[in-house]
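Q: My structure is below; once you've seen it, I'll send some questions.
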Amino acid sequence: MNITPHLVQQADMKGISLASIQEVLANPHYTYASNQHTCRRHGVKQEKWVGQASNGTKLCIAVAPCCQTAITVFLDQVRTELRPDQKKGK
């Protein structure tokens with residue numbers, strides 16, 4: 001699986017190890033289609049791959065299955081403050 005520089009940057013900012021990401025990519029607990037984003041190259045919907053690494057970290061990884069590319073990562077089931085771009089009336 002290819003990993004984008006954006007994913008590496010996000011993982012670093014969030015303190016997520018690449019080993020944990022590789023674990024979840026190799027064996028996600030479940031996957032589902034993302035209606036938010038589509039692969040620009042192939043027009044295929046991205047997927048979210050969700051799982052828990054052996055260190056207990058729960059992750060959600062956005063994946064373009066058509067390109068076998070992991071695009072970004074975030075902690076699963078963790079509430080965070082809304083970013084300005086996520087608020088109404090941006």
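Q: Report every pair of residues separated by at least 6 positions or lying on different chains whose Cβ atoms are under 6 Å apart, first residue within segment 51-67 and under 18 Å from residue 79 (Cβ atoms), second not in a strand (DSSP E or B).
A: The qualifying pairs are 57/20; 58/76; 58/77; 59/24; 59/76; 60/76.
Q: Hey, residue 74 hits all of (1) among the hydrophobic types (A, V, I, L, M, F, W, C); (2) outside any strand (DSSP E or B); (3) under 12 Å from the mean Cα position of the chain (by Cα) but one; which does it fall short on?
A: (2)
Q: Listed residues 18, 75, 7, 82; which is of a type in the set (A, V, I, L, M, F, W, C), surrounded by fewer than 17 Cβ atoms within 10 Å (Cβ to Cβ) and in contact (Cβ under 8 Å) with a residue 60 or more places away in the chain?
A: Working: 18 fails: in contact (Cβ under 8 Å) with a residue 60 or more places away in the chain; 7 fails: surrounded by fewer than 17 Cβ atoms within 10 Å (Cβ to Cβ); 82 fails: in contact (Cβ under 8 Å) with a residue 60 or more places away in the chain.
Result of the check over 18, 75, 7, 82: 75.
Q: Answer yes if at least one residue in segment 25-42 is in a helix (DSSP H, G or I) and either of a type in the set (A, V, I, L, M) or touching a residue at least 60 places away in the same chain (Cβ under 8 Å) (or both), and no otherwise.
A: Yes, some residue in segment 25-42 is in a helix (DSSP H, G or I) and either of a type in the set (A, V, I, L, M) or touching a residue at least 60 places away in the same chain (Cβ under 8 Å) (or both).
Q: Considering only residues of segment 60-71 that are of a type in the set (A, V, I, L, M, F, W, C) and in a strand (DSSP E or B), which is farthest from the chain's Cα centre (by Cα)? Write out each step before concluding.
A: Here is the first cut: in segment 60-71, the residues of a type in the set (A, V, I, L, M, F, W, C) are 60-64, 66-67, 70-71.
Pick out the ones that are also in a strand (DSSP E or B) and you get 60-64, 70-71.
Values: 60: 5, 61: 2, 62: 3, 63: 7, 64: 10, 70: 7, 71: 6 Å.
The selected residue is 64.
Q: Something else: Looking at 52, 77, 36, 46, which is the one that is modelled with pLDDT under 95, touching a strand residue (DSSP E or B) at 6+ places or on another chain (Cβ under 7 Å) and more than 19 Å from residue 13 (Cβ to Cβ)?
A: Residue meeting the stated conditions: 46.
The values are calculated or read from the model by the stated rules, or taken from the named source; none is laboratory data. Keep in mind that this is a model prediction, so the values were computed, not measured. Methodologically, a virtual Cβ is constructed for each residue, glycine included, from the backbone with ideal geometry; neighbour enumeration extends over all protein chains shown.
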